[in-house]
Amino acid sequence: MTFEYRLAQEAINLRLQAKGMPVGVRRTELLRKARQIDVAGEVNKWLTSPGLQPPS
């Protein structure tokens, strides 16, 4: 499994957990963590892309 795949799976799992919870602090934390994982995946894609150029 790739790193991106594992991140995506974790985000999905967190969203599924949050879906079954009542509105509250714990649900908000799960959704926030899922969003952070999504962002981490996007940053990883950007950093590992072949077109990434060093600053000039």
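The values are calculated or read from the model by the stated rules, or taken from the named source; none is laboratory data. From a predicted model like this one, the values you see are computed outputs, not experimental measurements. No Cβ is skipped: glycine too gets one built from the backbone with ideal geometry, and neighbour counts run over all protein chains shown.
A few points about this structure:
- The residue pairs whose first member lies in region 1-26 and is among the β-branched types (Val, Ile, Thr), whose second member is part of a helix (DSSP H, G or I) and at pLDDT 95 or above, and whose beta carbons are closer than 9 Å, counting only pairs six or more residues apart or on different chains, are Ile12/Ala34.
- Inside region 25-48, residues that are of a type outside the set (A, V, I, L, M, F, W, C) and modelled with pLDDT of 95 or more make up a count of 9.
- Region 1-45 - residue that is more than 14 Å from the chain's Cα centre (by Cα) and in a helix (DSSP H, G or I) and, of those, surrounded by the fewest Cβ atoms within 10 Å (Cβ to Cβ): Val25
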